[in-house]
Amino acid sequence: GENVEQHPSTLSVQEGDSAVIKCTYSDSASNYFPWYKQELGKGSQLIIDIRSNVGEKKDQRIAVTLNKTAKHFSLHITETQPEDSAVYFCAASNQAGTALIFGKGTTLSVSS
Amino acid sequence: NAGVTQTPKFQVLKTGQSMTLQCAQDMNHNSMYWYRQDPGMGLRLIYYSASEGTTDKGEVPNGYNVSRLNKREFSLRLESAAPSQTSVYFCASSEAGQGRGEQYFGPGTRLTVT
């Protein structure tokens with residue numbers, strides 16, 4: 001079945017630096033790739049998503065890139081702020097849209 | 001608009017006890033899901049309901065049962081709790097199927113089985 005690998009598991013940056021989290025997936029038919037942010041003690045919240053017909057998507061300081069050939073996608077956060085500190089999960093769906101497989105998460109710490 | 005609500009927030013059970021986790025959404029979503037989250041394991045799907053009246057197994061269904069009571073409510077039952085079921089449980093809902101669009105998550109239930 002589909003497998004999603006996420007790296008790194010932890011990431012520490014200084015405020016103002018950029019942060020990059022990478023995910024690879026195994027099912028070449030995957031066509032939907034969301035990123036979720038989970039703050040301490042809360043449920044996950046969608047921050048950005050991309051579909052397989054698009055190579056890059058931006059929303060203010062957050063961007064996601066998708067390389068279908070290599071089967072990997074990445075989350076880029078620029079000008080990080082302490083409130084960006086959280087656990088980030090990537091996920092990939094299958095083509096039928098019947099399953100969403102999550103990566104194991106990246107704990108991002110932004111120090112001021 | 002409360003979104004997705006879960007009760008209880010915390011629960012401690014002894015091995016062999018049973019309990020039901022409750023979930024409700026007020027967004028008129030068709031699909032609802034139950035996940036468990038364990039350290040270093042990410043979110044794993046236990047069961048989902050694509051629409052009222054239907055339920056299907058996810059990746060880790062053993063030891064659990066679910067009920068889609070109506071369009072708003074989706075409960076998760078542990079009939080005989082085991083220490084391996086110690087986890088944080090999240091309910092989620094979406095307008096479309098699981099892999100087609102945004103899922104909205106509840107705040108979670110932290111369950112400890114001793």
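Here are some residues: A:LYS42, A:LYS37. Which one is basic (Lys, Arg) and either assigned to a strand (DSSP E or B) or in contact with a Cys (Cβ under 9 Å, 6 or more places away or on another chain) (or both)?
A:LYS37
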With (1) modelled with pLDDT under 95; (2) surrounded by fewer than 19 Cβ atoms within 10 Å (Cβ to Cβ) as the list, and B:SER31 as the residue in question, which single condition is left unmet? (2)
Which condition breaks for A:THR80 when tested against (1) open to solvent by less than 60 Å² (accessible area, probe 1.4 Å); (2) within 14 Å of another protein chain (Cβ to nearest Cβ)? (2)
Identify, please: which residue in region B:72-114 is acidic (Asp, Glu) and more than 14 Å from every other protein chain (Cβ to nearest Cβ) and is, among those, least open to solvent (accessible area, probe 1.4 Å)? B:GLU73
In this structure, does A:LYS58 turn out to be open to solvent by 50 Å² or more (accessible area, probe 1.4 Å), farther than 25 Å from B:PRO107 by Cα, of a type in the set (Lys, Arg) and in contact (Cβ under 8 Å) with a residue 24 or more places away in the chain? no
Against the condition within 14 Å of chain A (Cβ to nearest Cβ), over 12 Å from the mean Cα position of the chain (by Cα) and not in a strand (DSSP E or B), how does B:GLU59 come out, does it pass? yes
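What number of residues within region B:4-19 satisfy the criterion of being farther than 8 Å from B:ALA81 by Cβ and either modelled with pLDDT under 95 or part of a strand (DSSP E or B) (or both)? Lay out the reasoning, then the answer.
The first filter runs over region B:4-19 and keeps only residues farther than 8 Å from B:ALA81 by Cβ, leaving B:4-12.
After this cut, where a residue has to be either modelled with pLDDT under 95 or part of a strand (DSSP E or B) (or both) as well, the list is B:4-7, B:10-12.
Residues meeting the conditions: 7.
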B:TYR35 - would you say it is outside any loop (DSSP other than H, G, I, E, B), in contact with a Lys or Arg (Cβ under 7 Å, 6 or more places away or on another chain), more than 21 Å from A:GLY97 (Cα to Cα) and not small (Gly, Ala, Ser)? no
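Please pick out the residue among A:SER12, A:SER109 that is open to solvent by 60 Å² or more (accessible area, probe 1.4 Å) and not charged (D, E, K, R). Let's see the steps before the verdict.
Values: A:SER109 fails: open to solvent by 60 Å² or more (accessible area, probe 1.4 Å).
Only one candidate qualifies: A:SER12.
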Matching option when the condition is among the charged types (D, E, K, R) and either surrounded by 15 or more Cβ atoms within 10 Å (Cβ to Cβ) or under 14 Å from B:LEU76 (Cβ atoms) (or both), among B:LYS57, B:LYS14: B:LYS57
Are any residues in region A:83-106 open to solvent by less than 10 Å² (accessible area, probe 1.4 Å) and under 12 Å from A:SER30 (Cβ atoms), and if so, which ones? A:CYS90, A:ALA91, A:ALA92, A:SER93, A:GLY97, A:LEU100
Looking only at region B:35-54, which residues are away from chain A (no Cβ under 12 Å) and within 20 Å of B:THR7 (Cβ to Cβ)? B:ILE46, B:TYR47, B:SER49
Does B:ARG44 satisfy the criteria of being modelled with pLDDT of 95 or more, surrounded by 14 or more Cβ atoms within 10 Å (Cβ to Cβ) and assigned to a strand (DSSP E or B)? no
Could you check region A:87-111 and list, in sequence order, the residues that are closer than 16 Å to A:ILE48 by Cα and either outside any strand (DSSP E or B) or away from every other protein chain (no Cβ under 13 Å) (or both)? A:GLY103, A:GLY105
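The values are calculated or read from the model by the stated rules, or taken from the named source; none is laboratory data. Just so it is clear, the structure is predicted and the values come from calculations on it, not from any experiment. Neighbour counts run over all protein chains shown; Cβ positions are idealised from the backbone, glycine included. These area figures cover heavy atoms from the full protein model, side chains too; ligands, DNA and RNA do not enter into them. Shrake-Rupley method; radii C 1.70, N 1.55, O 1.52, S 1.80 Å.
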